[in-house]
Amino acid sequence: MPNNLLVDGPADGVRVFTLNRPDALNALNTELLGNLSRALDDAEADPDTRAVVITGSQKAFAAGADINEMAARDLVGILEDPRVAHWQRIDRFSKPIIAAVNGFALGGGCELAMHADILIAGENARFGQPEINLGIMPGAGGTQRLVRKVGESLAMHMALTGEPISATRALQAGLVSEICQPELTLERAVQIGQSIARKAPIAVRLTKESVRKANDMNLAEGLRFERHAFTVLAGTEDRQEGLDAFREKRKPRFTGR
Ligand code: CAA
């Protein structure tokens, strides 16, 4: 059986994960989600991996949870679903995740894309939460992350009608940060990953954590968290290196210390 998750790299600090179930438009069955979760464990432990890119095919990033697998699960099956732990693992990943999305990003596919810290879309991308058409609802963050990313009105529209939005609309709404020609999406995402990989790793880690706190905390708490993180960085060698390099008009050599 072909591997449903292809892993490339790290090259220049970036590992690329390609969802690979072409016959099912990369539907996220439990095996694929588990492979992604374990691949993130490896990437987390590898100091040479500074950022990861998750991508699919030109036709589909991922068309959602695997509907055939889901149909076989009853209430208890869903209650004890191992997928929950896999989603939590993706959510907990401490290094930047960049999604390179072409084609369909629907249901769990849209939810996976929203786990990314930076989302790059090809002009052919379609984002949607069509679960309502199946008599169900989003179950991996679609009602929560989507609201935070695009606002309540558009999130309601998408989740209640199941209608997908285009890449252009997703850009206007703030769901994606850039759109490009579909054949350049992955290259652009890798380029962004490589740019991040050249920064000071502890500063990158704390920046990601701090930005994400903006969704979990009120402003006063978030500002306090940011200030603590900023203070912690004062103890790193990379901070000194960054400041010295600027004053000496040279490129910094960050070590992650
Ligand atoms: N699960 C399982 N198989 C899927 C799938 C999915 N989510 N999406 C597509 N496939 C399969 C199709 O069954 C088809 O297989 P066969 O060739 O064996 O029939 C193959 O992929 C190609 O799909 P289509 O022929 O349908 O391709 P299309 O270009 O005509 O349509 C599409 C593309 C509009 C994306 C359509 O496939 C579709 O609507 N897919 C389902 C999308 C969806 O509802 N996603 C939400 C799933 S629920 C969920 O995600 C919940 C959650 O996470 C908590």
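The values are calculated or read from the model by the stated rules, or taken from the named source; none is laboratory data. Source: prediction; values computed, not measured. Note: ideal-geometry Cβ built from the backbone for every residue, glycine included; neighbour counts use all protein chains shown.
Restricting attention to helices (runs of 4 or more DSSP H) lying wholly within the stretch 37-125, give those where 1 or more residues are within 30 Å of residue 135 (Cβ to Cβ), basic (Lys, Arg) and out of contact with any Gly (no Cβ under 8 Å at 6 or more places or on another chain).
Values: elements: 67-71, 75-79, 83-92, 108-115.
The helices (runs of 4 or more DSSP H) meeting that bar are 83-92.
Conditions tested, residue by residue: (1) within 17 Å of residue 117 (Cα to Cα); (2) away from the ligand (no atom under 13 Å from the Cβ).
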site: 51; (1), (2): yes, yes
site: 69; (1), (2): no, no
site: 85; (1), (2): no, yes
site: 92; (1), (2): yes, yes
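Could you tell me whether residue 59 is closer than 30 Å to residue 206 by Cβ and of a type in the set (Lys, Arg)?
Values: closer than 30 Å to residue 206 by Cβ: no; of a type in the set (Lys, Arg): yes.
Here the answer is no, as residue 59 does not meet what is asked.
Name the residue that is surrounded by the fewest Cβ atoms within 10 Å (Cβ to Cβ), counting only residues in the stretch 102-118 that are among the hydrophobic types (A, V, I, L, M, F, W, C) and more than 9 Å from the ligand (Cβ to nearest atom).
Once the filter is applied, the top-ranked residue is 118.
Filter the stretch 5-26 down to residues that are without any contact (Cβ under 8 Å) to a residue 60 or more places away in the chain and within 16 Å of the ligand (Cβ to nearest atom) and give me whichever is surrounded by the most Cβ atoms within 10 Å (Cβ to Cβ).
Residue satisfying both the conditions and the ranking: 19.
Just to be sure before I move on: is residue 120 hydrophobic (A, V, I, L, M, F, W, C), in contact (Cβ under 8 Å) with a residue 12 or more places away in the chain and farther than 18 Å from residue 142 by Cβ in the structure I sent? Explain how you work it out, then say what you get.
Working: hydrophobic (A, V, I, L, M, F, W, C): yes; in contact (Cβ under 8 Å) with a residue 12 or more places away in the chain: yes; farther than 18 Å from residue 142 by Cβ: yes.
It is true that residue 120 is hydrophobic (A, V, I, L, M, F, W, C), in contact (Cβ under 8 Å) with a residue 12 or more places away in the chain and farther than 18 Å from residue 142 by Cβ.
What number of residues within the stretch 143-161 are under 20 Å from residue 214 (Cβ atoms), within 15 Å of the ligand (Cβ to nearest atom) and buried (at least 18 other Cβ atoms within 10 Å of the Cβ)?
Adding up the residues that qualify gives 2.
For residue 34, all conditions in the list (1) more than 12 Å from the ligand (Cβ to nearest atom); (2) in contact with a strand residue (DSSP E or B) (Cβ under 7 Å, 6 or more places away or on another chain) hold save one; what is the number of the exception?
The one condition residue 34 does not meet is (2).
Counting only residues that are charged (D, E, K, R) and surrounded by fewer than 11 Cβ atoms within 10 Å (Cβ to Cβ), which one in the stretch 42-91 is nearest to residue 185 (Cα to Cα)?
Ranking the candidates gives 80 first.
Is it the case that residue 56 is at positive phi and either acidic (Asp, Glu) or at pLDDT 95 or above (or both)?
In short, no.
Every residue in the stretch 126-140 that is surrounded by fewer than 18 Cβ atoms within 10 Å (Cβ to Cβ) and part of a loop (DSSP other than H, G, I, E, B), please. I'd like the intermediate steps shown before the answer.
Start the filter on the stretch 126-140 by keeping residues that are surrounded by fewer than 18 Cβ atoms within 10 Å (Cβ to Cβ), which leaves 132-137.
135, 136, 137 - these are the residues of the stretch 126-140 that are surrounded by fewer than 18 Cβ atoms within 10 Å (Cβ to Cβ) and part of a loop (DSSP other than H, G, I, E, B).
Which ones in the stretch 147-191 are outside any helix (DSSP H, G or I), over 16 Å from residue 114 (Cβ atoms) and free of Cβ contacts under 8 Å to residues at least 24 places away in the same chain?
Of everything in the stretch 147-191, nothing turns out to be outside any helix (DSSP H, G or I), over 16 Å from residue 114 (Cβ atoms) and free of Cβ contacts under 8 Å to residues at least 24 places away in the same chain.
Would the stretch 205-225 turn up any residue that is of a type in the set (Phe, Trp, Tyr), surrounded by 14 or more Cβ atoms within 10 Å (Cβ to Cβ) and part of a helix (DSSP H, G or I)?
Yes, there is a match, as at least one residue in the stretch 205-225 is of a type in the set (Phe, Trp, Tyr), surrounded by 14 or more Cβ atoms within 10 Å (Cβ to Cβ) and part of a helix (DSSP H, G or I).
So, in the stretch 240-257, exactly how many residues are outside any loop (DSSP other than H, G, I, E, B) and crowded, with 17+ Cβ neighbours inside 10 Å?
Within the stretch 240-257, residues that are outside any loop (DSSP other than H, G, I, E, B) and crowded, with 17+ Cβ neighbours inside 10 Å number 1.
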